[in-house]
1. Only one residue in 206, 175 is within 16 Å of the ligand (Cβ to nearest atom) and crowded, with 19+ Cβ neighbours inside 10 Å. Which one?
2. With (1) in a strand (DSSP E or B); (2) buried (at least 19 other Cβ atoms within 10 Å of the Cβ); (3) in contact with a Gly (Cβ under 8 Å, 6 or more places away or on another chain) as the list, and residue 146 as the residue in question, which single condition is left unmet?
3. Please work out if residue 77 is of a type outside the set (Asp, Glu), in a helix (DSSP H, G or I) and either over 26 Å from residue 164 (Cβ atoms) or within 12 Å of the ligand (Cβ to nearest atom) (or both).
4. Just to be sure I understand, how many residues within region 87-133 are part of a loop (DSSP other than H, G, I, E, B), in contact (Cβ under 8 Å) with a residue 60 or more places away in the chain, acidic (Asp, Glu) and over 19 Å from residue 169 (Cβ atoms)?
5. Just to be sure before I move on: is residue 136 more than 27 Å from residue 8 (Cα to Cα), part of a helix (DSSP H, G or I) and within 13 Å of the ligand (Cβ to nearest atom) in the structure I sent?
6. Just to be sure I understand the filter: pairs with C-beta atoms under 8 Å, separated by 6 or more residues or on different chains, first member in region 14-29 and within 16 Å of residue 168 (Cα to Cα) and away from the ligand (no atom under 16 Å from the Cβ), second member aliphatic (A, V, I, L, M) and not in a strand (DSSP E or B). Which pairs pass?
7. Only one of (1) part of a helix (DSSP H, G or I); (2) closer than 23 Å to residue 127 by Cα fails for residue 69. Which number is that?
Amino acid sequence: MQVLHTISQTREIILNQKQKGRSLGLAPTMGALHQGHLSLIRRSAAENDFTVVSIFVNPLQFGPNEDLDAYPRTPDSDIEAAQSAGADLIFHPSAEEILGKEMLAFVDIEKLQDNLCGRSRPGHFRGVCTIVAKLFNIITPDRAYFGQKDMQQFIILKKMAQDLNFDIDMLLCPIVRESDGLAMSSRNKYLSPAQRRDAVVLHRAIDRGMQLYGNGETNAKKIISALVDFIRQTPSARIDYVSIVDEDMQDVAQVQKGHILALAVFIGKTRLIDNHIFGEPVTL
Ligand code: PAF
């Protein structure tokens, strides 16, 4: 496995693979790899001849008061883990390499970013779309793999790929959870032991939401209000949002199969997100 830091070297390897007629998978990441990322890499390795993992902590997607500087960076263990999961190439550019001296062109998306994380984090999805569009142009994958934990991100990137005519299969991979149900996230590293115990409230809330729906409750407001009350019982938890949306990220009044329960909750200073699709079993 190679680790490359420049766009030109990466393009050269990619071209060589394409000339050999090999299919290419991409797992875009910001590093601090955990089992969730590794599941994307394993799936890509199983479905493609050549798997590229990008590692880049993208400044464009962090707001001014967010955790860009503190974001965990663990390149050595990432390289080892990506290799053992089946990566063939790691693209690990510097900020200057990928953003240049001054970026003046950006990719933005309308409507789909007006709710949930897009509403709480203005500019976040513009940063995500811009960097992923760049990665798509550099790597030119046949398939790209994303985790369901960032469901809104996936829906936005899928629409971006469609609208900008990227000829790439956009694939969503299931959330990978710790044994107590907490969705794996690089940000879990910020949690103190006590906060780590409290963080399970997100998954428990999802479980409750699905139980209410399973018992026949379809009024979105009632489900949300029950979950808000439940989450508030955990003192370290501060709710950013608890929402039920359709696939266009619009709030719904009546819940039906396929709608998405999405939450963002601060545990201390750490903002965690999770989601679940109504009608799908809750599994760990
Ligand atoms: O999901 C992430 O880790 C990031 O948002 C992504 C897709 C790598 C873009 O920076």
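1. It is 175.
2. Checking residue 146 against (1) in a strand (DSSP E or B); (2) buried (at least 19 other Cβ atoms within 10 Å of the Cβ); (3) in contact with a Gly (Cβ under 8 Å, 6 or more places away or on another chain), the one that fails is (3).
3. yes
4. Qualifying residue count for the region: 1.
5. In short, no.
6. Filtered contacts from region 14-29: 14/138; 14/139; 24/14; 24/139.
7. (1)
Matching residues to (1) within 17 Å of the chain's Cα centre (by Cα); (2) at pLDDT below 95; (3) surrounded by fewer than 18 Cβ atoms within 10 Å (Cβ to Cβ); (4) within 15 Å of the ligand (Cβ to nearest atom):
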{"site": "63", "(1), (2), (3), (4)": "yes, no, yes, yes"}
{"site": "69", "(1), (2), (3), (4)": "no, no, yes, no"}
{"site": "99", "(1), (2), (3), (4)": "no, no, yes, yes"}
{"site": "106", "(1), (2), (3), (4)": "no, no, yes, yes"}
{"site": "113", "(1), (2), (3), (4)": "yes, no, no, yes"}
{"site": "117", "(1), (2), (3), (4)": "yes, no, no, yes"}
{"site": "130", "(1), (2), (3), (4)": "yes, no, no, yes"}
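The values are calculated or read from the model by the stated rules, or taken from the named source; none is laboratory data. Bear in mind that the values here come from a model prediction, so they are computed numbers and not experimental data. Note that we place each Cβ from the backbone using ideal geometry, even for glycine, and neighbour counts take in every protein chain shown.
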